[in-house]
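Before any comments, here is the structure.
The values are calculated or read from the model by the stated rules, or taken from the named source; none is laboratory data. Note that this is a predicted model, so its numbers are computed, not measured. FYI the Cβ positions are ideal-geometry reconstructions off the backbone, even for glycines, and counts take in every protein chain you see. Side chains included, ligands, DNA and RNA excluded: accessible areas come from the protein's heavy atoms. Shrake-Rupley method; radii C 1.70, N 1.55, O 1.52, S 1.80 Å.
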Amino acid sequence: MLKSMGAVKQAIPAEIGGETDVAMTERVATAQAVAGRKVLPIVEGVVLVAALLAPLVLQDYLTVFATRVIILALFALSFDLVWGYAGIMSFGQALFFGSAGYGVALLARDLDITNIFLVLPAGTLIGLTFALLLGGFLLLGRHPSSVIFVSLGTLTGSYAADRLARGWYYLGGQNGIPSIAPMTLGGYEFSEGPAFYYLVLGILVVVYLLCRFLVRSQFGLALAGLRENEQRIAFFGYKAQHLKAIIFAIGGAIAGLAGSLYAFHEGFVWPNMVGVVVSTQVVLYVLFGGSGTLIGAVIGTVIVEGVSFWLSDNYRDIWPIILGLLLLLVILFRPLGLISFVLGERERVGSFGAKSGEKRNAAP
């Protein structure tokens with residue numbers, strides 16, 4: 001269809017102005033595409049440089065806060081994959097985040113396992129397992145699942161996990177599991193500070209690059225089509241529900257990794273980590289920054305958490321109201337998030353296949 005649309009676009013100026021207009025149109029389109037592709041790497045580079053330099057200029061308590069924000073950005077990345085690229089509105093993303101946190105907390109408390117090469121893979125596997133179970137139930141039925149069904153199903157799962165954690169004495173009940181031992185690497189303990197900050201930043205960068213590769217691959221092209229028109233993707237022969245289940249599981253694994261890091265950074269886990277509040281919170285991160293871009297989820301998390309921190313310190317009585325109004329204004333006037341100020345719709349979807357210049361060179 002894209003080829004036919006391109007042929008139509010080229011045919012119109014050819015009839016009107018001849019081959020010169022065709023060449024000019026192609027050059028303008030190519031220049032616009034190249035210019036658009038330059039925006040995203042610049043934004044990503046600026047964010048990365050700012051993150052690398054942050055501990056050098058921030059006070060110690062702000063470095064601890066920034067570490068928490070980066071972990072939450074990793075969590076937001078998992079939701080952006082699920083919703084921004086596959087169109088799955090999951091109100092239960094905290095289920096995978098908190099379950100992994102509880103899992104590594106139990107490993108540290110009961111088995112004295114805190115090695116980073118054991119607890120982080122374990123947390124990732126816990127998130128993946130829960131996502132496979134819930135995704136298999138909600139997405140792999142005989143008939144395609146509606147958005148409302150999946151949304152309510154994930155919301156119910158998160159709420160049930162919250163009630164289970166609050167009522168299970170083995171998990172600490174309302175108080176959760178406190179005083180988790182620090183994560184270790186050999187004889188080194190990762191405590192709050194620059195070392196933990198750069199650890200989670202490195203993990204975020206690696207996961208981000210893997211996600212970027214995924215969404216720019218052929219699989220990512222199928223996901224983009226799935227988000228825009230699921231029925232047409234199914235008509236082309238893709239198993240849409242299987243694609244959704246795969247990306248849902250990948251998002252759960254990333255959320256589990258983030259939950260593991262969060263548990264060791266905070267030193268305790270509590271029922272809210274698996275509940276509806278945190279599930280809604282990550283939705284706001286992505287809405288504010290911009291869905292379907294990956295970097296928008298990171299920027300949204302940083303801004304929402306930063307503004308919340310500043311407002312709660314200066315306007316202690318009314319800061320939730322102010323924050324809610326700001327979020328409402330952004331959603332009303334910039335539905336695609338703050339990233340839409342600098343990122344066009346074409347780059348949000350991405351470029352796939354050969355460039356027009358490559359096609360002309362390949363033509364006989």
ask   = Filtering segment 225-253 down to residues that are part of a helix (DSSP H, G or I) and small (Gly, Ala, Ser), which residue is surrounded by the fewest Cβ atoms within 10 Å (Cβ to Cβ)?
value = Ala234
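Can Ser291 be described as among the polar types (S, T, N, Q), more than 19 Å from Pro41 (Cβ to Cβ) and touching a residue at least 24 places away in the same chain (Cβ under 8 Å)?
yes
Can you tell me which residues in segment 254-294 are hydroxyl-bearing (Ser, Thr, Tyr) and either farther than 30 Å from Ala108 by Cβ or crowded, with 23+ Cβ neighbours inside 10 Å (or both)?
Ser260, Tyr262, Ser279, Tyr285, Ser291, Thr293 - these are the residues of segment 254-294 that are hydroxyl-bearing (Ser, Thr, Tyr) and either farther than 30 Å from Ala108 by Cβ or crowded, with 23+ Cβ neighbours inside 10 Å (or both).
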key: Scope segment 261-298; condition part of a helix (DSSP H, G or I), under 26 Å from Leu139 (Cα atoms) and in contact with a Ser or Thr (Cβ under 7 Å, 6 or more places away or on another chain); matching residues   = Val274, Val276, Ser279, Tyr285
task = Using the structure shown, decide if Leu120 is touching a residue at least 40 places away in the same chain (Cβ under 8 Å), over 30 Å from Leu152 (Cβ atoms) and of a type outside the set (Asp, Glu).
result = yes
ask   = Of the numbered conditions (1) within 32 Å of the chain's Cα centre (by Cα); (2) hydroxyl-bearing (Ser, Thr, Tyr); (3) at pLDDT below 90; (4) assigned to a helix (DSSP H, G or I), Ser90 satisfies every one except a single condition; which is it?
value = (4)
query = Would it be correct to say that Val82 is touching a Ser or Thr at 6+ places or on another chain (Cβ under 6 Å), outside any loop (DSSP other than H, G, I, E, B) and modelled with pLDDT under 95?
reply = yes
request  = Please name all residue pairs, on different chains or six or more residues apart, with Cβ atoms under 6 Å, provided the first residue is in segment 42-62 and is at pLDDT 90 or above and the second residue is of a type in the set (Gly, Ala, Ser).
outcome  = Ala54/Ala66
message = Cβ-Cβ under 8 Å, sequence separation 6+ or interchain: first residue in segment 123-135 and free of Cβ contacts under 8 Å to residues at least 60 places away in the same chain, partner open to solvent by 60 Å² or more (accessible area, probe 1.4 Å). Which pairs?
response = none
inquiry  = Just checking, does segment 201-224 include any residue being hydroxyl-bearing (Ser, Thr, Tyr) and either under 23 Å from Leu133 (Cα atoms) or open to solvent by 80 Å² or more (accessible area, probe 1.4 Å) (or both)?
reply    = no
inquiry  = I'm trying to understand the selection: among the residues of segment 145-200, which are hydroxyl-bearing (Ser, Thr, Tyr), crowded, with 18+ Cβ neighbours inside 10 Å and touching a Gly at 6+ places or on another chain (Cβ under 7 Å)?
reply    = Thr154, Ser158
query = Tell me, which residue of segment 295-321 that is open to solvent by less than 30 Å² (accessible area, probe 1.4 Å) and without any contact (Cβ under 8 Å) to a residue 60 or more places away in the chain is farthest from Gly84 (Cα to Cα)?
reply = Leu311
